[in-house]
Protein chains: 2
Amino acid sequence: MPEIKNSKRLSRPDCVTSLNAVGDAFYVIGGKWKLRIIIALSEGPKRFNELQRTVEGISARVLSSELKDLEMNGFVTRNVHAETFPVVVEYEATGYADSLRDVLKALTAWGTMHRKRIKRQAEMEQQKTSKHA
Amino acid sequence: MPEIKNSKRLSRPDCVTSLNAVGDAFYVIGGKWKLRIIIALSEGPKRFNELQRTVEGISARVLSSELKDLEMNGFVTRNVHAETFPVVVEYEATGYADSLRDVLKALTAWGTMHRKRIKRQAEMEQQKTSKHA
DNA sequence: GTTACTACTATCCTTTTGTATACTAGTAAC
DNA sequence: GTTACTAGTATACAAAAGGATAGTAGTAAC
């Protein structure tokens, strides 16, 4: 059976380039939360508590430290509105965060596809189990 | 000064979809090593030690456990060649690993761009420091 | 007999990441 | 006076991820 396997293989130099590049990328945007915070802010600027509600499951302590990282790396800006009561702090995605658009698009598409696949697999397992019972 | 900020904002439903999808994606391909192992294997099938040499910095213990995860999730297959001496084990990327192509392409492009930016910033810092000295 | 190669696993340790709970100041509503 | 809201920080702890080192079996070269 002549099976089609990898239609496109990476050359050695391409492989090394990709390895380094993805390593660099994950150094700043890796981890469970960073991209999700950026996505949440791509809906528009948000306050701290609002952000915590949008990014489900994150604690205040972690959100705070992630925001500091993201600010340091130029992905978000922190704006304090001192004229209001109580003082309101707004976080906003920068243009550099926007440069991740293609990454987020690809990741969203893949994640959506993957979720469907997992769901289908779970259903198949269900069928098998009920047949055996 | 009329500044152009976010040219495109996500709608609330798109934001939630993206948030979930990226969460699902990172659940299986998140972490420091998984994507890098997949990249290394996109050059072609590789043996354990060969893989460890390609993915710089990974320990045998971590590589072994990552490979098990990747196999379980359908990204790689493990083929044992028992006829040779010593027994050789080859790892190969599957078609499902190939489905990550767009993600890897986007991440590689972004990572390369980011690396250049960081380098430029470091050079600027250098200049400033030497001026002050 | 010693060394080296294969593909790992075992053990121990450190670092990173995350959770829970309580607390801060200042004001406004009840 | 009590509660609630703002945006966090402090503390203590637990869990997950990762790293370093050593060791396994079997063979083959020196």
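Values as computed for the structure displayed
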quantity: Per-copy distances of the residue B:81 label point, shortest first, in nm (7 angstrom along Cα→Cβ); calculated: 6.6
quantity: Spacing of the two label points (7 Å from each Cα toward its C-beta) at residue B:102 and residue A:92, in nm; calculated: 3.1
quantity: Sequence of B:76, A:16 once ranked by neighbouring C-beta atoms within 10 Å, starting from the fewest; calculated: A:16, B:76
quantity: Shortest-first distances to equivalent copies, position residue A:61, nm, label 7 Å out along Cβ; calculated: 2.5
quantity: GNM top mover of A:24, A:98, A:14 - chain A, alpha-carbon springs below 10 Å; calculated: A:14
quantity: Taking B:85, B:48, B:26 and counting other C-beta atoms within 10 Å, the order from fewest to most; calculated: B:85, B:48, B:26
quantity: Rotational relation A to B, axis-closest Cβ in chain A, residue and distance rounded to whole Å; calculated: A:106, 2
quantity: Under the span-like rule (Cα at least 15 Å along the axis, Kyte-Doolittle mean at least 0.0), DSSP H helices of chain B; calculated: B:12-29
quantity: Calculated P(r) tail over 15 Å for segment B:60-133, as whole % of Cα pairs; calculated: 73
quantity: Angstrom value of the Kirkwood radius, inverse mean 1/r, which spans all Cα pairs in chain A; calculated: 18.2
quantity: Alpha-carbon gyration tensor eigenvalues x 5, square-rooted, for segment A:13-63, Å; calculated: 30, 11, 7
quantity: Pairwise Cα inverse-distance average, inverted: Kirkwood Rh of the protein assembly as shown (Å); calculated: 20.9
quantity: Cα shape, segment A:33-94, gyration tensor, a/c 1.5 rule; calculated: prolate
quantity: Ascending list, in nanometres, of distances separating the residue B:14 label from those of the other copies (7 Å, Cα toward Cβ); calculated: 3.1
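Values quoted throughout were computed directly from the atomic coordinates according to the rules given, and no laboratory measurement underlies them. Since this is a predicted model, take the numbers as computed values, not measurements. Reconstructed Cβ throughout: ideal geometry from the backbone, glycine too, with neighbour counts over all protein chains shown.
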